[in-house]
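Take a look at the structure below.
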Amino acid sequence: MEVYQVPIVPLIIGVVELLKSLGLPNKFSALAAAVLGVLAGIFFLYPQDIPKGIIIGLSLGLAASGLYSTTKNTVEGVKNMRMSENK
């Protein structure tokens, strides 16, 4: 996987957030990220090698899902920590 493929991760996060604002339930956001990653892998990154596109795309989609989840949990943790300090 080349470095130029990594910017697809925030793009997947953005598209998933757009889908959630259009009504996608939160519980399907990880699945949507994985599917978008696979689609990007097959149609954009490796159209000549479908299995490689699936594997790379799946890893990018799951990375996007994990990055979003980690950031969300960190922000919530900091908020809770600040709230408990103010009490």
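The values are calculated or read from the model by the stated rules, or taken from the named source; none is laboratory data. The shown structure was predicted, so the numbers you read here are calculated from the model rather than taken from an experiment. Every residue, glycine as well, gets a Cβ built from its backbone with ideal geometry; the counts of neighbours run over all protein chains shown.
Looking at segment 3-26, is at least one residue at pLDDT below 90, surrounded by 10 or more Cβ atoms within 10 Å (Cβ to Cβ) and not in a loop (DSSP other than H, G, I, E, B)? Yes, some residue in segment 3-26 is at pLDDT below 90, surrounded by 10 or more Cβ atoms within 10 Å (Cβ to Cβ) and not in a loop (DSSP other than H, G, I, E, B).
When the criteria are applied in full, residue 64 meets the requirement of being surrounded by 19 or more Cβ atoms within 10 Å (Cβ to Cβ), of a type outside the set (D, E, K, R) and in a helix (DSSP H, G or I).
Here's the yes/no breakdown for (1) within 19 Å of residue 72 (Cβ to Cβ); (2) of a type in the set (A, V, I, L, M):
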residue: 8; (1), (2): no, yes
residue: 11; (1), (2): yes, yes
residue: 27; (1), (2): yes, no
residue: 41; (1), (2): no, no
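It is to be established whether one or more residues within segment 36-43 are closer than 19 Å to residue 6 by Cα, free of Cβ contacts under 8 Å to residues at least 12 places away in the same chain and surrounded by fewer than 17 Cβ atoms within 10 Å (Cβ to Cβ). Yes, segment 36-43 has at least one match. Taking residues in segment 71-87 that are modelled with pLDDT of 85 or more, and partners anywhere that are surrounded by 10 or more Cβ atoms within 10 Å (Cβ to Cβ), not one pair has Cβ atoms closer than 6 Å while being at least 6 places apart or on different chains.
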